[in-house]
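> What follows is a structure written as structure tokens; I'll ask about it next.
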């Protein structure tokens with residue numbers, strides 16, 4: 001039975017278990033610091049398909065089939081799947097899942113989708129709305145670039161604040177009974193907007209939402225950053241991370257010694273040309289479903305906060321002069337179930 | 001506490017109450033059969049804004065402020081809002097809600113969004129995940145037409161199977177304690193795909209999902225169509241409704257004498273040129289949040305099923321030769337709370 005302690009923060013006393021997780025990565029991501037941790041790296045970024053959109057769909061299907069296999073479950077064992085992605089009308093998710101015949105709840109949370117889908121999966125299991133729930137999302141550099149910025153063939157220059165959309169997918173299954181990692185609580189984000197209008201500076205657009213969600217959760221749970229071994233954001237990149245530190249420091253909160261951003265973990269910025277870091281739904285999904293959950297499972301960390309951020313604009317809204325609203329959902333993941 | 005009786009069907013024993021509902025409509029919709037039932041009809045389809053996208057956002061804001069006023073609640077009284085729309089990256093929802101500061105869960109369910117958001121709101125309240133939840137969605141003919149089909153100025157011919165995207169928004173608030181209408185159960189839809197590839201025949205693409213969800217719910221609850229005063233689909237239009245009858249008749253189910261489609265209720269097809277009927281998130285939202293809920297509240301109907309359908313394709317997926325997957329979520333709404 002969920003324990004609501006504020007408008008935003010809900011503790012999950014049954015501590016739903018993350019039964020299995022799987023991450024699939026593209027070539028560039030497979031050459032980065034997490035290369036040993038992915039379940040599958042595809043050197044061919046088309047994933048054997050004829051279009052980039054079909055490639056992204058295929059990558060998500062790979063993540064789904066691998067997580068089912070690792071959990072030793074069939075699609076009919078899953079009560080509900082929460083999924084979404086960056087593509088218009090979330091086609092990667094709808095097409096990747098149409099064959100599995102699992103009750104489907106489509107999400108749109110931009111790059112926050114991994115946190116949104118994990119949060120909802122955990123809430124559903126804790127509340128008895130599902131015995132097992134699946135969360136899945138993805139992004140692909142080539143589909144995102146041509147949808148949000150320029151055709152790849154155009155060879156557009158990238159600004160230093162720009163982030164690199166990750167080619168990756170992550171999937172996990174939450175269940176009522178199982179081993180660590182466990183989900184202990186969530187904080188549902190509110191939309192924040194400090195007026196950033198630069199489509200090439202999304203880290204800055206999302207940082208205010210991340211600061212707000214983290215402050216809300218710490219206040220509601222009467223905890224401090226020191227109560228968590230690590231606080232992971234995704235995907236603020238370098239620019240957004242610096243702004244997050246500044247916003248939090250105004251409230252007397254310092255997370256610098258225990259903060260990592262998924263957009264900075266996925267690539268080696270010295271040797272891989274990704275400017276301010278990685279982004280895209282697949283960035284935090286790929287890092288969570290390989291690196292982070294493994295570190296909790298193997299005991300490196302006891303308690304972590306996973307807070308994926310999303311920028312909720314579209315090219316149309318930006319062209320019409322609108323600023324970029326951001327959101328951040330938070331999930332408290334622990335090695336301890338009680 | 002929710003009572004899961006199958007993978008898809010969940011009964012809500014606490015019978016959450018729909019505390020208030022509000023519908024906003026455009027000029028054409030305001031000239032149709034439901035003209036007396038909307039909270040607001042705007043004769044200017046720009047809603048006073050400079051772009052169609054901003055107009056849709058404004059229409060959704062009108063629906064949100066009106067439903068809060070009718071429920072005599074402030075945004076801070078709402079624990080969570082579920083919202084989504086048809087526009088790329090669901091900008092109508094994100095921008096309309098950024099000022100309200102309510103924990104936000106973004107959805108993408110295409111034209112099924114009203115059922116998806118009402119379903120999740122009711123599940124959250126029944127499970128104790130929220131005391132009060134808001135659901136909101138919208139569509140606008142001019143934003144949808146230029147995004148999914150042709151620029152308006154092109155004056156493209158419409159096929160007889162085409163549907164007319166409604167300019168409308170609907171919003172409602174679900175709470176733990178209140179009067180009728182009550183939500184008694186839900187059925188979470190699975191993605192169905194019978195291979196329809198015609199972007200101008202979305203009713204046919206969605207009918208298989210509607211048939212599947214309705215059959216599943218009737219079987220799980222051991223009820224028949226005769227146990228419900230009315231079964232509302234949205235938005236199959238005439239072509240999709242006929243296909244739904246055919247698919248159900250193969251299973252020995254006949255709903256013809258008690259079925260209405262929101263896409264056929266919203267317009268007078270004799271005098272309003274909408275071809276196979278209305279569509280868009282705002283179609284079923286506008287009809288639910290004016291006509292249907294009023295008829296349950298005033299006792300005309302004791303029990304209704306509301307089943308909004310969505311077509312989960314994008315222009316890109318259709319151009320790449322993909323068929324159109326469909327989904328339908330079902331909500332059982334009753335005048336009785338037990």
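> Given springs between every Cα pair under 10 Å in a Gaussian network model of chain A, which of A:32, A:203, A:278 has the largest fluctuation?
Result: A:32 has the largest fluctuation of those listed.
> Right, here's the next one. Among B:184, B:132, B:258, determine the one that fluctuates most according to a GNM of chain B built with springs between C-alpha atoms less than 10 Å apart.
B:258
> Provide the percentage of antiparallel DSSP beta bridges, counting only those with both residues in chain B; round to the nearest 5.
65 percent
> Using a label point 7 angstrom from Cα along Cα-to-C-beta, what distances in nm, from shortest up, separate residue A:242 from the other copies?
The projected label point of residue A:242 is separated from its counterparts by 6.4 nm.
> If we count other beta carbons within 10 Å of each Cβ, what is the order of A:136, A:287, B:125, fewest first?
Fewest-to-most ranking of A:136, A:287, B:125: B:125, A:136, A:287.
> Continuing with the same structure: Determine the distance separating the Cα centre of the stretch B:39-59 from the Cα centre of the stretch A:138-176; give it in Å without decimals.
Measuring centre to centre over Cα atoms gives 33 Å.
> Here's a follow-up. So for B:294, A:222, fewest C-beta neighbours within 10 Å to most, what's the order?
With the fewest neighbours first, B:294, A:222 line up as A:222, B:294.
> So, one more: Could you identify which residue out of A:71, A:205, A:83 has the top mean-square fluctuation in a GNM of chain A using Cα springs shorter than 10 Å?
A:71
> Give the percent of DSSP beta bridges with both residues in the protein assembly as shown that are antiparallel, rounded to the nearest 5.
Once the DSSP bridges in the protein assembly as shown are tallied, antiparallel ones form about 65 percent.
> When the Cα centres of the stretch B:274-324 and the stretch A:246-312 are compared, how far apart do they sit, in Å?
39 Å
> Provide B:95, B:154 in ascending order of the number of other Cβ atoms located within 10 Å of each residue's Cβ, fewest first.
Working: B:95 26, B:154 10.
The most exposed by this proxy come first: B:154, B:95.
No value in this document is a laboratory result; all are computed from the given coordinates. Quick caveat: nothing in here was measured; it's all calculated off a predicted structure. With ideal geometry, Cβ positions are generated from the backbone for all residues, glycine too; neighbour counts draw on all protein chains shown.
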